[in-house]
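Take a look at the structure set out below.
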Amino acid sequence: MSASLDSALWGLALAPLPLAGTYLLKRAWDTAGPERPKFILAGWSLLVLAIAASVPLMGPGRGPFAMLALGSAVALALVAAGVERRNARKKAQRELAPEPSDRRRVVWRGWLRGFLAGPLAGIAALGCGLAVAICAPGQIQSRMVIGGLMVPFLWAGGMAWTLSDDKILRAFAVLAGVSVVTLGAAFLKGAL
């Protein structure tokens, strides 16, 4: 058998894992009960298991890509199945605007939040891009392109999250931790 046919057969054999994992995550999203954390843990566990099992069976480049693509396609189908069509001419009930933070305004909090959203989120995003470019499997050109394309999106997400979160220490801890781990991994892999 050829390598492509072999990979396709292994992909079909592993397909139930990301299908079930995505279904469990969607079910966790839809239900708000005490079993919700179990659904989340089981869904992510199945997705991680699918990716881990695909590496030795399909290769380090093709396997994770196939499992992530399949999981994403299933998630898109599940979301599309729940779409509601609404009449645009029908007036919706007026909703109240979200309340601003109840904390009092302090100048240093604004400056600190700006520092976290700008430079620190940028450093964390660059660290993730470098870690992918240096540590991920595959051709060096592909790793560099993927790592480089990740950076602006991760930076924008880090900025949006930091500016919308009320807990400054949590944002600092996450961004600093991501920066240390990813830059450390890139440095250690590059040094070895």
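The values are calculated or read from the model by the stated rules, or taken from the named source; none is laboratory data. Given the structure is predicted, the values throughout are model-derived calculations rather than measurements. When we count neighbours, we look across all protein chains shown, and the Cβ atoms used for this are built from the backbone with ideal geometry, even at glycine. Only protein heavy atoms, including side chains, enter the accessible area calculation; ligands, DNA and RNA are left aside. Shrake-Rupley method; radii C 1.70, N 1.55, O 1.52, S 1.80 Å.
Here is how the numbers come out for the structure above:
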{"quantity": "Share of carbon and sulfur in the accessible heavy-atom surface of the chain [1.4 Å probe, %]", "calculated": "70"}
{"quantity": "Unit Cα scatterers, Debye sum, the range 5-84: log10 I(q)/I(0) for q = 0.11, 0.13, 0.21, 0.23 Å⁻¹", "calculated": "-0.30, -0.41, -0.87, -0.97"}
{"quantity": "Modelled FRET efficiency - R0 25 Å, Phe187 with Leu68, Cβ distances, 0.05 increments", "calculated": "0.40"}
{"quantity": "MRE, 222 nm, helices only [DSSP H, n ≥ 4, -39500 (n - 2.57), over the chain, to nearest 500]", "calculated": "-25000 deg cm²/dmol"}
{"quantity": "Rg/Rg_globular for the chain, with Rg_globular taken as 2.2 N^0.38 Å and Rg from C-alpha atoms", "calculated": "1.30"}
{"quantity": "Anisotropy class of the range 128-192 from Cα gyration tensor, a/c 1.5 cut", "calculated": "oblate"}
